[in-house]
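Enquirer: Sharing a structure, written as structure tokens. Questions coming.
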Amino acid sequence: MNKTQIFLALCLVAGPANAQIIDPKRTAERKATDRANNRIDQSIDKGFDKVEEGIGSLFKKKNKKEKQGQEEVSESKEDTPKQTDSGAGKETAASKTAASALSYYSKFDFVPGEKVIAAEDFSNTNIGDFPVGWNTNSSAEVITLGDSPVKWLFMSKDGFFQPEFIKDMPENFTIEFDVFTRYRSSNILEYQFQIASSASPKKDLSEEYTSNYFQFKWLASNTSTSFYVVENGEVVNKNEGFSVKDFASEDVEHLEPVRVRISIWRQKSRLRIYANQNKIVDIPQAFDSKLKYNVFKFGGKYLNFSENENRDEFMVSDIRYAIGSADTRSKLITAGKLITRGILFNTNSDVIQPSSYGVLKDIAGVLAENPTVKIKIVGHTDSDGENQANLILSQKRAAAVKSMLSGEFKIDPSRMLTDGKGENEPSDSNDTPTGKANNRRVEFTKL
């Protein structure tokens with residue numbers, strides 16, 4: 001078994017990704033260089049030997065908490081429900097499982113945009129191809145890892161990679177994605193993403209330093225992270241070398257890959273960024289209200305020095321772009337109906353994903369402030385799978401939301417009724433990943 005095969009198997013068990021005016025932080029790079037140079041090839045080979053010895057039992061080693069808190073295939077992927085037994089006992093077990101996982105996200109206040117504009121899971125791209133709707137000045141290909149059906153965009157060379165479906169970003173939007181990195185060489189590696197305002201996105205694709213942009217970057221398998229806010233070619237705000245533990249491998253030899261869920265939230269001039277459940281950036285003045293931000297792109301630097309046999313890994317998947325403000329209080333109390341696509345479930349399951357905590361907390365807060373209001377919770381699915389199975393699943397998911405609001409947030413259960421419509425009332429087409437993401441939703445109606 002070669003090292004590439006070992007990596008693919010290992011990834012399956014990973015948890016649930018200045019013009020010359022800005023110089024990279026020399027101190028951080030010197031530290032990264034020293035650390036890399038001190039790593040010897042023997043330690044890497046030793047790590048691979050350990051992996052080979054345990055390769056047969058890889059799938060038995062998944063941490064129980066990770067299984068509860070992070071689903072390897074997220075809800076934004078195609079949902080193919082299967083019929084399960086109904087009953088209070090099943091719902092209670094699901095609620096307990098979700099509550100345990102959600103406890104890790106108790107400070108997570110991220111609320112995704114109201115309407116999903118794009119959901120990219122690369123399901124329509126063949127393995128080995130570059131995806132339609134993207135642009136690059138480098139090379140990348142869609143891959144899968146081992147037997148997992150989840151597809152990733154593997155960016156193996158220096159350059160920028162731009163999803164062109166994220167454009168004309170309004171004052172309120174969210175972008176979420178999984179990023180998967182594996183530091184296998186002794187090079188300094190730098191990953192980044194940018195949100196920019198450009199008069200010529202195609203021309204500026206290959207440029208790291210333009211006139212107006214926000215840049216976020218981090219070093220491979222390292223906690224050193226930086227951001228820059230640039231307006232009219234000048235840095236107006238920055239923070240260099242702050243620590244984000246989520247980006248670092250827990251393995252001192254860097255044999256373990258790192259998987260992180262990144263959540264980006266713009267509200268007018270304010271920008272918040274989360275790594276998994278942790279808020280890592282909160283900038284009150286990150287965007288110029290006079291500018292139209294129309295470019296989002298990923299970037300990698302120093303990847304070109306990786307050897308084919310020991311390549312550094314930089315991948316993204318499950319990209320979700322949504323617009324609009326949730327405005328929970330106004331929609332639920334004044335208008336009488338709230339529709340959210342931010343309550344996510346494990347695939348084929350009524351177990352609520354931890355990333356839904358911010359949405360649930362927001363809804364619970366409105367209900368707590370209005371103790372006489374009663375609501376009906378209705379679940380919806382996309383059209384994948386059998387109609388009857390989807391109906392049952394949607395009912396169970398609505399019940400799980402009720403249980404979570406009652407158990408975690410102490411909302412009186414007598415104030416909440418539940419129902420499910422399955423795939424029978426779509427709000428969008430079921431022919432695309434984006435349409436399916438919009439159809440998977442939970443409705444709250446004031447009674």
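The values are calculated or read from the model by the stated rules, or taken from the named source; none is laboratory data. Being a predicted model, the structure only gives us computed values, none of them experimental. FYI the Cβ positions are ideal-geometry reconstructions off the backbone, even for glycines, and counts take in every protein chain you see.
Enquirer: Could you grab me the full set of residues in segment 244-253 that are surrounded by 13 or more Cβ atoms within 10 Å (Cβ to Cβ) and either farther than 16 Å from PHE193 by Cα or not assigned by TED's automatic domain parsing to the domain that holds LEU291 (or both)?
Expert: ASP246, ALA248, SER249, ASP251, GLU253
Enquirer: Sticking with this one: What pairs come out if I take residues in segment 362-381 that are closer than 29 Å to ASN348 by Cα and pair them with residues that are part of a helix (DSSP H, G or I) and at pLDDT below 95 whose C-beta lies under 7 Å away, six or more apart or interchain?
Expert: Pairs that qualify, where the first residue is closer than 29 Å to ASN348 by Cα and the partner is part of a helix (DSSP H, G or I) and at pLDDT below 95, are ASP362/THR328; ILE363/THR328.
Enquirer: Can you pull out the residues in segment 130-150 that are acidic (Asp, Glu) and modelled with pLDDT under 95? Working first, answer last.
Expert: Taking segment 130-150 and keeping what is acidic (Asp, Glu), we get 141, 147.
Answer for segment 130-150, where residues must be acidic (Asp, Glu) and modelled with pLDDT under 95: just ASP147.
Enquirer: To continue, here is another question. If you check every pair at least six apart or on different chains, which have Cβ atoms under 7 Å apart with a residue in segment 215-236 that is crowded, with 22+ Cβ neighbours inside 10 Å first and a residue that is of a type in the set (Lys, Arg) second?
Expert: From residues that are crowded, with 22+ Cβ neighbours inside 10 Å, there are no pairs.
Enquirer: Among the residues of segment 173-190, write down those that are farther than 18 Å from ALA437 by Cβ and at pLDDT 95 or above.
Expert: The answer is VAL179, and nothing else.
Enquirer: Do we find that ASN438 is outside the structural domain of ILE175 (by TED's automatic domain parsing), at positive phi and not charged (D, E, K, R) in this structure?
Expert: So ASN438 does not fit the description; no.
Enquirer: Tell me, please, whether a residue that is within 22 Å of PHE214 (Cα to Cα), crowded, with 18+ Cβ neighbours inside 10 Å and assigned by TED's automatic domain parsing to the domain that holds VAL236 can be found in segment 305-313.
Expert: Scanning segment 305-313 turns up no residue that is within 22 Å of PHE214 (Cα to Cα), crowded, with 18+ Cβ neighbours inside 10 Å and assigned by TED's automatic domain parsing to the domain that holds VAL236.
Enquirer: Spot the failing condition for GLN285; the list is (1) assigned to a loop (DSSP other than H, G, I, E, B); (2) surrounded by 15 or more Cβ atoms within 10 Å (Cβ to Cβ); (3) of a type in the set (S, T, N, Q), and only one is missed.
Expert: Result: GLN285 fails condition (2) only.
Enquirer: May I pose another question? Exactly one condition in (1) within 17 Å of GLY299 (Cβ to Cβ); (2) assigned to a loop (DSSP other than H, G, I, E, B); (3) at pLDDT 95 or above is not met by PHE193; state its number.
Expert: Unmet for PHE193, out of (1) within 17 Å of GLY299 (Cβ to Cβ); (2) assigned to a loop (DSSP other than H, G, I, E, B); (3) at pLDDT 95 or above: (2).
Enquirer: Let me ask you something else. Just give me the residues in segment 381-403 being closer than 23 Å to ILE363 by Cα and surrounded by fewer than 23 Cβ atoms within 10 Å (Cβ to Cβ), in sequence order.
Expert: GLN395, LYS402
Enquirer: Out of the residues in segment 93-128 meeting the condition of being at pLDDT 65 or above and of a type in the set (Ser, Thr, Tyr), tell me which one is surrounded by the most Cβ atoms within 10 Å (Cβ to Cβ).
Expert: Among residues in segment 93-128 that are at pLDDT 65 or above and of a type in the set (Ser, Thr, Tyr), the one surrounded by the most Cβ atoms within 10 Å (Cβ to Cβ) is TYR105.
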